[in-house]
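Accompanying notes for the structure given below.
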Amino acid sequence: MADTLTRDKDGVLSLGGVSLPDLAARYGTPLYLMDVATVTARLQAWTDAVEPPNEVYFAGKAFLCRALIPILQKAGVGLDVVSGGELLTALSAGMDPARITFHGNLKTTSEMRLALASGVGRVVADSDEELTRWDRLAADAGRTVEVWLRLTPGVDPHTHRYITTGHVKSKFGWPLEGGAAEAAVGRALELPHVRLTGYHAHIGSQILESKPYVEAAEHMLAFARAMHQRYRFWPRYLDLGGGLGIPVAGQTGPTPRELTEAFTALVRGGTPDGEQVPVWAVEPGRSVVAEAGLTLYRVGVVKRAGDGTVYVVVDGGMGDNIRPALYEARYRAEPVRSPAGEPGIVTIAGRYCESGDLLVEDVAVPALEPDDLLVVLDTGAYGYAMASQYNRVPVPAVVAVENGTSSVWVEGPRWDEVHARDKTVSWPS
């Protein structure tokens with residue numbers, strides 16, 4: 001939950017010192033809200049835990065807009081991007097390209113050229129074809145590109161299968177088993193315009209135990225030692241990934257410091273005699289922004305289904321938060337004003353034309369009525385980032401709050417802008 005979310009003596013919620021009813025009146029609903037103080041504190045937790053020369057890169061896929069870039073830079077944190085759109089967002093906001101790492105299992109030729117032209121610090125290659133294209137495009141640009149290889153360590157992090165990326169069936173990277181990763185190292189070392197400097201692995205998202213991280217790091221180091229024996233290549237960098245979750249419903253999980261202390265010991269202990277201990281990096285996303293965000297809705301309808309289920313239908317839903325439908329993600333909801341009466345069990349449903357458009361199922365809240373305001377908590381990660389205009393409903397604005405003030409980070413499109421790119425076509429009769 002956001003650090004500055006509080007209720008006043010009248011039972012009204014505020015965030016960053018700004019009342020939520022005032023924000024709804026000024027900006028409308030649905031509305032994404034981001035608490036700057038929470039983002040800053042979560043970044044600080046990572047930078048305090050990761051001692052230089054080791055590095056922190058924020059995973060931009062969790063949440064990214066231009067206004068976030070100065071906060072990352074002030075914290076001394078780099079940025080992971082996975083598309084040309086994310087890269088351009090960072091560059092347009094003044095991000096140092098040397099502090100950007102370009103990920104992704106499919107990078108288009110135009111995106112690769114953009115990365116080369118802008119001077120991105122390093123790229124994470126994901127396939128044999130990509131390695132070949134980096135070599136060719138770097139040669140065309142008259143330069144050498146720094147590359148890390150993405151490895152698939154074969155570790156199950158025990159999270160939803162759609163957000164598990166390190167298992168043997170993953171579409172990402174080279175599997176450590178079967179010789180593919182070993183062959184990729186040999187190929188990367190032979191390509192004249194590719195400079196191999198490290199390995200990368202990311203095993204999934206919303207992970208709440210240390211064991212999968214430790215196992216993945218052990219597999220990476222064992223592979224690195226094997227490649228050192230075969231090719232005499234020892235990495236300068238090891239990117240150990242991100243995906244640390246936020247506990248919900250009584251869950252617990254490791255802190256950034258607990259994870260990084262384990263990483264430090266593993267990397268030091270796994271380095272062969274005579275070689276320099278690699279710089280290791282982490283790439284947190286959700287653990288930085290999830291709790292900083294909440295989504296503000298207005299209740300439109302309260303109705304009872306034939307089986308007795310009480311639906312509280314709000315003016316947003318899966319268009320602004322697809323994760324409950326996609327991943328069965330669990331969220332908490334609270335009324336903005338504490339209503340009278342005993343809590344009842346309701347399901348918070350969205351406005352979209354899908355039966356699966358359910359934001360929070362079977363939650364205990366006091367009686368709600370049409371026009372009441374409601375918040376869904378911890379939506380700062382993968383809410384705005386995965387939003388769509390399904391049913392041609394505009395994506396909400398993003399508004400940040402800090403020290404009693406609010407500012408628009410991303411404008412919400414007007415209704416007429418939803419169809420602004422449509423063309424009128426006259427068909428022959």
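Dividing the Cα radius of gyration of the stretch 159-316 by its Kirkwood radius returns 1.15 for Rg/Rh. Applying the criteria of a DSSP loop state and at most 10 other Cβ atoms within 10 Å to the trypsin sites (Lys or Arg not before Pro) of the stretch 347-429 yields Arg414, Arg421, Lys423. All alpha carbon pair distances within the stretch 36-289 were sorted into 5 Å bins beginning at 0; the resulting P(r) in whole percents reads 1, 6, 14, 18, 20, 18, 13, 7, 2, 0, 0. Here the chain is treated with +1 on each Lys and Arg Cβ and -1 on each Asp and Glu Cβ, and its dipole about the Cα centre works out to around 860 debye. Other residues whose C-beta falls under 11 angstrom from the C-beta of Ala41 contribute a net charge of -3, scoring Lys and Arg +1 and Asp and Glu -1. Listing Thr295, Thr252, Thr109 from fewest to most neighbouring C-beta atoms within 10 Å gives Thr252, Thr109, Thr295.
Pairwise alpha-carbon distances in the stretch 267-400 exceed 23 Å for 41% of all pairs. Look at (1) 41, 25, 20; (2) 34, 24, 21; (3) 34, 29, 22: the one that is semi-axes √(5λ) of the Cα gyration tensor in Å derived from this structure is (1). Among 281-290, 393-402, the peptide with the highest mean count of other Cβ atoms within 10 Å heads the list, and the full ranking is 281-290, 393-402.
With a Cα cut-off of under 23 Å and a minimum spacing of 8 residues unless on different chains, the lysine pairs in the stretch 36-289 number 8.
When Rg and the Kirkwood Rh are both derived from Cα coordinates, the Rg/Rh ratio for the stretch 362-420 amounts to 1.02.
Look at the dipole of the chain built from charges on Cβ: of Asn321, Gly76, Met1, the Cα furthest out on the positive end belongs to Gly76. Adding -39500 (n - 2.57) for every DSSP H run of four residues or longer, then dividing by how many residues the chain holds, sets the calculated 222 nm ellipticity at -8500 deg cm²/dmol. Panel order for Ile348, Ile246, by other beta carbons found within 10 Å of each beta carbon, from fewest to most: Ile246, Ile348. Ranking of Ser210, Ser14, Ser355 by neighbouring Cβ atoms within 10 Å, starting from the fewest: Ser355, Ser210, Ser14. For the stretch 77-91, 3J(HN,Hα) computed residue by residue from phi via the Karplus equation (6.51, -1.76, 1.60; θ = phi - 60°) reads 10, x, 9, 9, 10, 10, 7, x, x, 5, 4, 5, 4, 5, 5 Hz, glycine and proline entered as x.
Values in this text are rule-based calculations from the coordinates and carry no lab data. Because the structure is predicted, anything quoted here is derived from the model rather than measured. Cβ coordinates were reconstructed from backbone atoms using ideal geometry, including for glycine residues, and neighbour counts include every protein chain displayed.
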